[in-house]
Amino acid sequence: MKILGIETSCDDTGIAILEVKNNDAFLVLANEVASQIKVHKKYGGVFPMMAKREHQKNLVPTFIQALRKAEILRIFNSQFPISNKFSNDKISQLKIILEREPELAKKLIPFLKKYSKPDIDYIAVTNGPGLEPCLWVGVNFARALSYFWDIPIIPVNHIEGHILVSNFQFSIFNFQSNPNDQILKTEFPAIALVVSGGHTQIILVEDVGKYKILGETRDDAAGECFDKSAKILGLSYPGGPIISKLALQTTSYNLQAKLPRPMLNTKDYDMSFSGLKTAVLYSHIKQPKKIQKNKDYISAMSAEIQQAIIDVLLKKTFKAVKDFGAKSIILGGGVSANQELKKQFSVLASEYKIQIIYPPANLSTDNGLMIAIAGYFNIKNNRGPTPTNWENLKADSNLRIGE
Ligand code: KG4
Ligand code: ZN
């Protein structure tokens, strides 16, 4: 069985092709990501309408690249004769599906006329949570392919993708593994911490497909705090990787004040990061101009910002681990690419004698493979509204993974 994974919930256009063999071995045929960092860098953050336009531009070329890599791109010729009749009705219906994505339609319709239906059994697509205009591009792309090629769609919750991809140690193409073995290795109940530019949630995972949101940020996501703090310090976008790199260069520079750790001692699992960002701003503008540009000062601030965020994430996650008797911790989302965070979580997990699971850095950030994997488990467990008819699929920016 081959599953196409489509991810467009934020600023990465991700397309993957995952093959699941009869014996449940996974084969990653392609996992292509078109990053929009260059576009958003100028503004220090993601503008949804700009990201939507980029997804429209990137989807078809990324898809072609993935099909080519997976060796399932088939141009119409005598060997692969035209399988779809291009009736005007079919093209008109495609135009209706892609009414709000004219740039995508301009690329997709010629593509569908040139290439024949590839060997794909299911289309897994992120339908939430995320930036609404971006989600719709991926969803309508999936609907158009599903309609045209008659392939069922599996809607996938983006957060579930981040949780499940962590169970696999994929780092290269054509890495094979047995998903059942891997999943069974995750001992349940587990506590998942999904931290990215858009989300910060602590989730109780009782089993694959059984989730309960225990706590989340009440304002900014942890990644957003990294990004906004970096902007305040005059650093580039995205701020997370830059701050973590600078934090490594700390010298003996003495910061006058420590940053706050918001909601560190509250009894719930909720978090708040907007106050931390404001504290970074006030602390920074108080400094003389000369200090503000000082390399040692910037490195010391970077280390302090990173540690303030890690302190809150550690405390809240391990509180949940204790309260629910968790046997493992699963980390996911862009911020889980942070080396220091992984290190400190690993040290504490070994003190607690529990298992810790996180993906390789290239699978921490958004990608299509995580969506294909979650899609596979949706079919396998026969749960959720799957597979869905293309006519019924909608994007839901506030989609929740559990209660
Ligand atoms: O999961 P992701 O690719 O997209 C969203 O769903 O948001 O996460 C992107 C976020 C950005 O905020 C970025 O600054 C952060 O992940 N990030 C990091 C690191 N790498 C990416 N944050 C801290 N340390 C890193 N090494
Ligand atoms: Zn994400």
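In this structure, does residue 223 turn out to be outside the structural domain of residue 322 (by TED's automatic domain parsing) and at pLDDT 95 or above? In short, no.
A single member of 46, 28 is farther than 19 Å from residue 394 by Cα, β-branched (Val, Ile, Thr) and in a loop (DSSP other than H, G, I, E, B), and it is 46. Taken over region 114-144, the residue count meeting the criterion of being away from ligand 1 (no atom under 16 Å from the Cβ) and in contact with a Leu (Cβ under 8 Å, 6 or more places away or on another chain) is 12.
For region 200-218, a residue qualifies if it is within 19 Å of the chain's Cα centre (by Cα) and outside any strand (DSSP E or B), and the qualifying residues are 208, 209.
All of 283, 229, 274 fail the test of being open to solvent by 20 Å² or more (accessible area, probe 1.4 Å) and either within 25 Å of residue 191 (Cα to Cα) or within 16 Å of ligand 1 (Cβ to nearest atom) (or both), apart from 274. Among residues of region 46-72 that are open to solvent by 20 Å² or more (accessible area, probe 1.4 Å), those with a Cβ under 7 angstrom from a residue that is assigned to a loop (DSSP other than H, G, I, E, B), sequence gap 6+ or separate chain, pair up as 46/10; 46/11; 48/131; 54/36; 64/73.
Please enumerate the residues belonging to region 241-254 that are assigned to a loop (DSSP other than H, G, I, E, B), under 18 Å from residue 292 (Cα atoms) and under 34 Å from the mean Cα position of the chain (by Cα). Working first, answer last.
In the first step, residues of region 241-254 are kept if they are assigned to a loop (DSSP other than H, G, I, E, B); the result is 248-254.
Applying the additional criterion that residues be under 18 Å from residue 292 (Cα atoms) yields 249-254.
Across region 241-254, the qualifying residues are 249, 250, 251.
What number of residues within region 300-325 are open to solvent by 10 Å² or more (accessible area, probe 1.4 Å) and in contact with a strand residue (DSSP E or B) (Cβ under 7 Å, 6 or more places away or on another chain)?
The first filter runs over region 300-325 and keeps only residues open to solvent by 10 Å² or more (accessible area, probe 1.4 Å), leaving 300, 303-304, 306-307, 311, 314-315, 319, 322-325.
Next, only the ones that are in contact with a strand residue (DSSP E or B) (Cβ under 7 Å, 6 or more places away or on another chain) stay: 324.
Final tally of qualifying residues: 1.
For (1) hydroxyl-bearing (Ser, Thr, Tyr); (2) outside any loop (DSSP other than H, G, I, E, B); (3) touching a Phe, Trp or Tyr at 6+ places or on another chain (Cβ under 8 Å); (4) not assigned by TED's automatic domain parsing to the domain that holds residue 138, each residue gets a yes or a no:
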residue	(1), (2), (3), (4)
6	no, yes, yes, no
9	yes, no, no, no
16	no, yes, no, no
33	no, yes, no, no
38	no, yes, no, no
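Restricting attention to region 258-309, the residues that are farther than 29 Å from residue 193 by Cα, not in a helix (DSSP H, G or I) and not basic (Lys, Arg) add up to 3.
The values are calculated or read from the model by the stated rules, or taken from the named source; none is laboratory data. All values derive from a computational prediction rather than experimental measurement. Neighbour counts are summed over all protein chains in view; Cβ atoms, including those assigned to glycine, are modelled from backbone coordinates with ideal geometry. Side chains included, ligands, DNA and RNA excluded: accessible areas come from the protein's heavy atoms. Shrake-Rupley method; radii C 1.70, N 1.55, O 1.52, S 1.80 Å.
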